[in-house]
Each structure stands twice: as structure tokens, then as C-alpha cells.
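Heads up: the structure comes next, in C-alpha cells.
Derivation of every value follows stated rules applied to the coordinates shown; laboratory data play no part. It should be emphasised that the depicted structure is a prediction, and the values quoted were computed from it without experimental measurement. In this analysis, Cβ positions are derived from the backbone assuming ideal geometry, glycine residues included, and neighbour counts consider all displayed protein chains.
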Amino acid sequence: MAQSSGFLTTHILDTANGCPAQGVRIGLFQLHGDERQLIASMVTNDDGRTDEPILGKGAMEAGTYELVFEIGDYFAGSGEKPAHPFVDVVPIRFGISDAEQHYHVPLLASPFSYSTYRGS
């Protein structure tokens, strides 16, 4: 079987402060029914991106995935994290139907809201 040429990337923008969100922990899980398997973890760099694709060429396969962004720690900064932040851990569940494509799943976040889209 030939390896896939698709890959998965992300970036995080802090929309409250108008800058990339650096130092955010991200986990990627693959879902199989009710089971969830961690397949990658990383931290964003100074540009709010990961240094490497989350899934590189050859690692993509069709299926259901979940990116989990620990954005609450980022917004807490060096201060104390509130006991119950409004936006804390953001899970984004999405499907990959064509492992030959580039999937880009960005997070736009503030302490009180977030959104995503399928980027390019």
C-alpha cells in the first residue's frame, strides 16, 4: 500500500490580543467508536503553529479525529488560572475523508469564545 501524501496542520490565534498563541499544549486523538487514542502531542511555537505537521505525509488515514487545545493555561499566562475559566480546554472533532489532502484546522480563541474552520 502506498503512503498517503496528505498531512494535518493547525495554528492558534489569540483574537483578544491580536497575536499568535504560543506555548499552547495540543493533543491529537483518533477515534474508533467510543474509544479515543492519543496519537500526537505538541506545543505551539512563537508563531502559534507546531514546528512540524501534526500528522505528516504517510501518517494520514481516513477517520474521525479530535484536536484538544489547552488554551485556558495560555490565557492564564503567568497569573493564577481561574477555578472555572469560561474557555479552558477546547476539543475540535473533525473527519478526514481523503488522506491525500492537506487538512488545516486552526483555532481562533479568546478567554470567552472560540471558532474554527477548515483552512488551506
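Net charge of the neighbourhood of L67, taken over other residues with C-beta under 14 Å away and scored Lys/Arg +1, Asp/Glu -1, is +3. Whats the longest run of the chain with zero chymotrypsin sites (Phe, Trp or Tyr not before Pro) that are DSSP loop and have at most 12 other Cβ atoms within 10 Å? So the longest stretch without any such site is 1-85.
Close amide H partners of V89, meaning residues 5 or more places away or on another chain with modelled amide H under 5 Å apart, are G72.
Across L38, L55, L107, mean-square fluctuation computed from a Gaussian network of the chain (C-alpha pairs under 10 Å connected) peaks at L38. Per-residue ellipticity at 222 nm computed for the chain from its helices equals -1000 deg cm²/dmol, with DSSP H segments shorter than 4 residues left out and the rest contributing -39,500 (n - 2.57).
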